[in-house]
Amino acid sequence: MPELRRSDTAGLLKPIQPRALIVTLYGLYAREVGGALSVSVLIRLMATVGVDESAVRSSISRLKRRGVLVARKVSGAAGYALSERGRAILVEGDRRIFDRHRADAGDGWLVAVFSVPESEREKRHRLRSRLSWLGFGTVASGVWIAPVHIEPAARDALAADGLADYVDLFRAEYVAFRPAPERVARWWDLDALERMYAEFAAEYRPVSARWRRKRRDDDEAAFADYVQVLTHWRRLPYLDPGLPADLLPGDWRGAQAADLFFALHERLGAPAHRYAETVIGSP
C-alpha cells in the first residue's frame, strides 16, 4: 500500500498493473455472480484491456499469494473467488471510491499515536503504510492525524491487520497556534495530491470528450475505458482524506477530477456492465 511521499511526485499516473485491473474486475462484476470468475473469463475480459494470458495468470498467482483470491471451480472450470480479506478490501473500496464525503470544519480530528519496538520494524512500516492509505497525515514521528469521519474505517483496518495493539486513537480539536490551513499543508502533501488529480484529468478529459460525441454505445470499448479509468481513479480517494473545503487551496483540482470521474462512471458504467455480462454468461 503506497505512501504519498514528497519525493515521489513525478509520473504519478503510472501504467496500470494487471493485478490492479483484476481487482477492479472482481469489484465491479464478480460479486454479482457469487464472487468467483473462471480463469477463461478473466483472460477474455483482460484481453479487452490489452493484457495477455501469461500476465493474467501471473497476476492471479500473486493475488492468491497475497490472500485476495482463492482457487474455486466455476461451472466445473478452473477459477478464483474472492477471499474474506478480498471481500473486505472491496467493501471498503466501494465506500472510498463512490462516496464523495468531505469533512466539515467543525467535525474535529482523529489522532493516531503509535509506538512499535525496533525489533518489529516491519510492523512499523506496515502501520505507516496503512495509516497513509487510510488518509492520515503526519504531525510528528508516531503522531498522525485525519478527519474524524475516517474513524470507523481506521478501527476496522488496524484491527484486521493485527496492528491495533500498537496504536491509540483520539478525537481532537485544533486550538493553536497557527492557522489550520497552514498546518494542514504540513501534515499532508497537498501539492503532490493535486498533481495526481491534474494528471488524472489530463489523461481522461479526452476520453470523456470522445464519449460525449458518440451517438451509439460500443459496449466493448466502454468496458475497456471504464475498467481503466476506475483502476486509475481508485488510488486517489484513499490518499485524499476528504479535508474540509475551507482548509484546501482555492480551485482545488480534486473537485474537478472527481466531477470528471463521476461523469465517466455515469456514461460508461452501464454499457461496460452489459459487455461483462455477455462474457461472463457465455459458455
Being out of contact with any helix residue (DSSP H, G or I) (no Cβ under 8 Å at 6 or more places or on another chain), within 20 Å of Tyr275 (Cβ to Cβ) and outside any helix (DSSP H, G or I) is the filter here; which residues of the stretch 189-222 pass it?
Lys214, Arg215, Arg216
All but one of (1) loosely packed, with under 12 Cβ neighbours inside 10 Å; (2) not in a strand (DSSP E or B) hold for Asp168, so report the exception by its number.
(2)
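Being in a helix (DSSP H, G or I), acidic (Asp, Glu) and under 28 Å from Gly108 (Cβ atoms), is that true of even one residue in the stretch 223-235?
no
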Cβ contacts < 8 Å: first residue without any contact (Cβ under 8 Å) to a residue 40 or more places away in the chain, restricted to the stretch 71-83; second residue surrounded by fewer than 20 Cβ atoms within 10 Å (Cβ to Cβ) and part of a loop (DSSP other than H, G, I, E, B), any location; separation 6+ or different chain. Result?
Ala71/Ala78; Ser83/Gly67
Which one is farthest from the chain's Cα centre (by Cα), of the residues in the stretch 31-69 that are outside any helix (DSSP H, G or I), at negative phi and buried (at least 17 other Cβ atoms within 10 Å of the Cβ)?
Ser38
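Coordinate-derived values only; no laboratory data. Since the model is a prediction, treat every value here as computed from it, not as a measurement. All Cβ positions, even for glycine, are placed from backbone atoms using ideal geometry, and neighbour counts span all protein chains on display.
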